[in-house]
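The values are calculated or read from the model by the stated rules, or taken from the named source; none is laboratory data. Predicted model only: the values in this text are computed from it and were never measured. Glycine also receives a Cβ, built like all others from the backbone with ideal geometry; neighbour counts cover every protein chain displayed. The area values use the complete protein model at the heavy-atom level, side chains included, leaving out ligands, DNA and RNA. Shrake-Rupley method; radii C 1.70, N 1.55, O 1.52, S 1.80 Å.
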Amino acid sequence: MKAAGFQMTHIPYKGGAGQMIPAIIAGEAPVAFLNLSSALPHIRSGRLKAIATVAPERLAELPNVPTMAEQGFPGIGTNAWQGMFAPAATPKPVIDKIYQSVAAVLSNPQMKEQLSKQMLEVTLSPSPAQFQQLVEKETRAWGDFLREAKIKIE
């Protein structure tokens with residue numbers, strides 16, 4: 001909203017995409033940010049129109065849909081990521097063993113293909129320490145965003 005210079009009102013749907021998608025299709029709300037796996041069937045059927053993706057590059061599933069950056073809004077959006085966490089006191093050798101085991105599974109071509117069919121892309125952090133740095137960077141960035149936008153949890 002800030003980058004485009006207009007106002008929008010957030011409408012919280014308790015059921016998330018399960019309630020949001022019918023509202024968009026019915027015209028009850030004009031626009032929504034949705035994850036690809038929830039929206040893609042409706043985009044393909046023609047019930048939803050994809051306006052832009054927040055991914056850094058165009059998505060293979062939607063090659064004709066431009067990114068926010070291509071439409072003049074670089075740096076807008078986020079990429080959802082997943083990670084594994086353990087108690088802070090977990091010994092480094094244990095963390096390393098867990099990392100090596102998970103990395104072996106996620107590096108398996110069959111696993112990558114299976115996850116890809118679920119629209120999940122595997123990007124393995126080079127090390128537990130580098131993943132920790134990513135988490136800290138993301139936490140700082142989202143904290144800054146919340147403070148700047150004056151967003152408060154009620």
Exercise. With every protein chain kept in the model, how would you rank His42, His10 by accessible area, 1.4 Å probe, largest at the top?
Worked result: His10, His42
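Give me the accessible area per residue for segment 51-154, probe 1.4 Å, as a whole number in Å².
81 Å²
What does the helix-only formula give at 222 nm for the chain: each DSSP H stretch with n ≥ 4 adding -39500 (n - 2.57), the total divided by the residues, and the result rounded to the nearest 500 deg cm²/dmol?
On the way: 5 runs with 66 residues, N = 154.
Computed mean residue ellipticity for the chain: -13500 deg cm²/dmol.
State, as an integer percentage, the relative contact order of segment 30-116 based on alpha-carbon contacts under 8 Å between residues 6 or more apart.
Working: 45 pairs, mean separation 12.6, N = 87.
For segment 30-116, the relative contact order is 14 percent.
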Seminar exercise, completed: Distance in nm between Phe145 and Ala103 label points, each 7 Å along Cα→Cβ, equals 2.8 nm
For this session: Give the accessible area for Leu146 in Å² (nearest 10); use a 1.4 Å probe, count only protein heavy atoms, and leave out ligands, DNA and RNA.
Result: 80 Å²
For this session: With a 1.4 Å probe and every protein chain kept in, tell me what percent of the accessible surface of the chain is carbon plus sulfur.
Result: 58 percent
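List the trypsin sites (Lys or Arg not before Pro) within segment 1-95 that fall in a DSSP loop (any state other than H, G, I, E or B) and whose Cβ has at most 16 other Cβ atoms within 10 Å.
On the way: sites: Lys2, Lys14, Arg44, Arg47, Lys49, Arg58; in loops: Lys2, Lys14, Arg47, Lys49, Arg58.
When the trypsin sites (Lys or Arg not before Pro) of segment 1-95 are filtered for loop state and at most 16 Cβ neighbours within 10 Å, Lys2, Lys14, Arg47, Lys49, Arg58 remain.
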Exercise. Expressed as a rounded percentage, what relative contact order does the chain have, with Cα pairs under 8 Å and six or more residues apart?
Worked result: 11 percent
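Using DSSP to define loop residues, name the chymotrypsin sites (Phe, Trp or Tyr not before Pro) in segment 75-147 whose beta-carbon has at most 14 other beta-carbon atoms within 10 Å.
Within segment 75-147, the qualifying chymotrypsin sites (Phe, Trp or Tyr not before Pro) (loop, at most 14 other Cβ atoms within 10 Å) are Trp81, Phe85.
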For this session: Return the label of the correct value of volume of the Cα convex hull per residue in Å³, as calculated from the structure shown, out of (i) 161; (ii) 131; (iii) 152.
Result: (i)
For this session: Between Gln114 and Asn79, with labels modelled 7 Å along Cα→Cβ, what's the label distance in nm to one decimal, could you check?
Result: 2.3 nm
Exercise. Across the Cα atoms of segment 1-83, what radius of gyration and what greatest pairwise Cα-Cα distance (Dmax) are found, in Å?
Worked result: 13.2, 36
